[in-house]
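Following this message is one structure expressed as structure tokens.
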Amino acid sequence: MKTREKTACQSPAARTLDALTQLKAAPFSVAAPSFAIPGTVAENAKFLAPHFSEIGIVLFETESCLEYTDEDLPPDLAGLEVAWHVHLPLDLPWKTDVSKVCGKLKALMAKVDYLHPTAYVLHPPQDGDLLFPLAETFRAEGVNPARVLLENVEESDLAAVWPQALEAGYGACLDIGHLLAFRQEHILTLPRLWEKVGMLHIYGPDMAARHKSLSQLPEKGRKMLRDWLGKLRPESTVTIEVFNENGLFESAGVLARWLDDWKVST
């Protein structure tokens with residue numbers, strides 16, 4: 001516990017603080033994931049909130065996240081001056097029964113409802129038809145499916161489920177590391193794509209799409225990111241999806257420098 005407290009009390013260097021201030025003036029929300037320092041969601045959120053416009057609560061593991069208590073998600077998080085979004089689990093039991101998936105998502109959403117998330121990121125099922133009953137579950141919980149952003153992942157690059165996604169009214173989250181590592185450039189030609197994109201996940205991927213500092217994004221990815229930012233709607237979010245403190249803050253500095261070079265500003 002003492003180690004956690006010491007880590008959570010560290011502050012970014014002055015140069016990084018300047019970059020973080022600059023990012024708050026970007027024409028989109030810049031988010032950090034709730035997993036950057038050792039500790040709970042709450043410890044991470046309170047550490048990150050002074051520096052980012054938005055925090056993405058990562059609920060990657062279904063069963064362990066269902067066991068979250070007020071220690072993990074305390075009521076006082078609602079008082080932090082940030083927006084919130086939620087990354088839904090990576091291990092949903094799609095191959096068993098979609099009703100079980102819906103039940104687990106409803107329970108998880110109830111845990112974070114008090115934070116009024118702006119969006120929910122979801123790794124889509126390989127069977128696009130499952131998106132229809134799922135959309136009804138979200139609507140029943142008061143969530144417009146347009147706020148549920150389907151992410152391009154290795155198992156589903158979005159192309160196979162895109163007709164159903166459009167019909168059911170979902171949004172999209174583009175992950176630049178997945179797209180590069182898994183050669184998914186074809187999804188950039190999907191109809192109405194930029195009308196639906198509500199979030200970007202950015203980082204420097206290695207060959208296995210592991211999440212490294214944005215400084216490691218190859219030149220091809222940098223050109224792609226510049227193009228994407230020019231197409232992004234102002235109400236969208238750019239999440240620096242780096243899961244360690246040093247890499248996260250380094251990435252923030254890199255992004256601020258690129259935005260300045262590319263003249264992306266308010």
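Which one of 221, 230, 253, 198 is assigned to a strand (DSSP E or B) and under 19 Å from residue 28 (Cβ atoms)?
Only one candidate qualifies: 198.
Would you mind finding the one in 81, 54, 71, 67 that is under 14 Å from the mean Cα position of the chain (by Cα), of a type in the set (Asp, Glu) and at negative phi?
The match here is 54.
Could I ask something else about it? Within segment 47-94, which residues are part of a helix (DSSP H, G or I) and farther than 28 Å from residue 130 by Cβ?
Residues satisfying the conditions are 47, 48, 75, 76, 77, 78, 79.
Cβ-Cβ below 7 Å, separation at least six or inter-chain, first residue in segment 193-210 and without any contact (Cβ under 8 Å) to a residue 24 or more places away in the chain, second among the hydrophobic types (A, V, I, L, M, F, W, C): which pairs?
Matching pairs, first to second residue: 193/172.
Could you count how many residues in segment 141-157 are touching a residue at least 24 places away in the same chain (Cβ under 8 Å), closer than 21 Å to residue 59 by Cβ and not in a strand (DSSP E or B)?
The total comes to 11.
Ok, one more. For segment 205-214, what are the residues that are at pLDDT below 95 and outside any loop (DSSP other than H, G, I, E, B)?
205, 211, 212
Here is a list: 16, 40. Which entry is of a type outside the set (A, V, I, L, M, F, W, C), surrounded by 15 or more Cβ atoms within 10 Å (Cβ to Cβ), out of contact with any Leu (no Cβ under 8 Å at 6 or more places or on another chain) and modelled with pLDDT under 95?
It is 16.
Moving on. Select from segment 95-138 the residues that are outside any helix (DSSP H, G or I), surrounded by fewer than 21 Cβ atoms within 10 Å (Cβ to Cβ) and either at positive phi or touching a helix residue (DSSP H, G or I) at 6+ places or on another chain (Cβ under 6 Å) (or both) and list them in ascending order.
Within segment 95-138, 116 is the sole residue that qualifies.
Across segment 183-195, which residue is surrounded by the fewest Cβ atoms within 10 Å (Cβ to Cβ) among those that are of a type outside the set (Lys, Arg) and assigned to a loop (DSSP other than H, G, I, E, B)?
Ranking the candidates gives 191 first.
Check residue 64 against each of (1) without any contact (Cβ under 8 Å) to a residue 24 or more places away in the chain; (2) within 25 Å of residue 144 (Cα to Cα) and name the one condition it does not meet.
Status for residue 64: all satisfied but (2).
Test of understanding: among 214, 259, 232, which residue is under 26 Å from residue 45 (Cα atoms) and either of a type in the set (Lys, Arg) or over 19 Å from the mean Cα position of the chain (by Cα) (or both)?
After ruling out the rest, the residue left standing is 259.
Moving on to the next point. Among the candidates 25, 31, 83, single out the residue that is within 30 Å of residue 263 (Cα to Cα), in contact with a strand residue (DSSP E or B) (Cβ under 9 Å, 6 or more places away or on another chain) and either charged (D, E, K, R) or surrounded by fewer than 20 Cβ atoms within 10 Å (Cβ to Cβ) (or both).
83
Just wondering, is there one or more residues in segment 157-173 that are closer than 21 Å to residue 244 by Cα, modelled with pLDDT of 95 or more and not basic (Lys, Arg)?
No: zero hits.
When residue 174 is evaluated against the numbered criteria (1) of a type in the set (A, V, I, L, M, F, W, C); (2) part of a helix (DSSP H, G or I); (3) touching a residue at least 40 places away in the same chain (Cβ under 8 Å), which criterion, by number, is the only one it fails?
With respect to (1) of a type in the set (A, V, I, L, M, F, W, C); (2) part of a helix (DSSP H, G or I); (3) touching a residue at least 40 places away in the same chain (Cβ under 8 Å), residue 174 is out only on (2).
The values are calculated or read from the model by the stated rules, or taken from the named source; none is laboratory data. Only a predicted model underlies this, so the values are computations on that prediction, with no experimental measurement involved. No Cβ is skipped: glycine too gets one built from the backbone with ideal geometry, and neighbour counts run over all protein chains shown.
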